[in-house]
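Only the coordinates and a few stated rules stand behind these numbers; no lab work does. Nothing here was measured: the structure is a model prediction, and the numbers come from that model. Cβ coordinates were reconstructed from backbone atoms using ideal geometry, including for glycine residues, and neighbour counts include every protein chain displayed.
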Amino acid sequence: MHEFKCRNIEILRKSKGLTVEEMMKILGRTRELYYHSWRKGSINAKDVIQLHEFFNVSTDCILDLTEIKVSECIKMNLNKGESKD
């Protein structure tokens, strides 16, 4: 079994209650990109910046250079119910 390299992306995605397909559709990316590149740790700078903006976390967090804090995930879960005007 291949070890997931960008673990924080997976944690952040789940904290927003999104499937891989939903997240990639929102980001305008393909499901294949997620499974064939990101899961192997191959992610380009443009995608890192887009994920940083989408999840509102540091780029270090996206790249697994820092651990994601549980409190960040809890805050995201609380905020996901807010209206999107």
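When residues of segment 40-60 are filtered for being outside any loop (DSSP other than H, G, I, E, B) and closer than 15 Å to Lys14 by Cα, how many remain? Can you show your working first?
Step one: filter segment 40-60 for residues outside any loop (DSSP other than H, G, I, E, B), giving 40, 45-55, 59-60.
Next, from what is left, pick out any that are closer than 15 Å to Lys14 by Cα: 51, 54-55.
Looking only at that region, the number is 3.
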- Query: Of the conditions (1) over 16 Å from Ile68 (Cβ atoms); (2) under 13 Å from the mean Cα position of the chain (by Cα); (3) of a type in the set (Val, Ile, Thr), Thr30 fails just one. Which one is it?
  - Reply: (2)
- Task: Collect the residues in segment 34-51 that are within 13 Å of Cys6 (Cα to Cα) and either surrounded by 16 or more Cβ atoms within 10 Å (Cβ to Cβ) or hydrophobic (A, V, I, L, M, F, W, C) (or both), keeping them in residue-number order.
- Result: Tyr34, Ser37, Trp38, Arg39, Ile43, Asp47, Val48, Leu51
- Message: I'd like to verify a number: residues in segment 8-39 that are part of a helix (DSSP H, G or I) and touching a residue at least 60 places away in the same chain (Cβ under 8 Å), how many?
- Response: 4
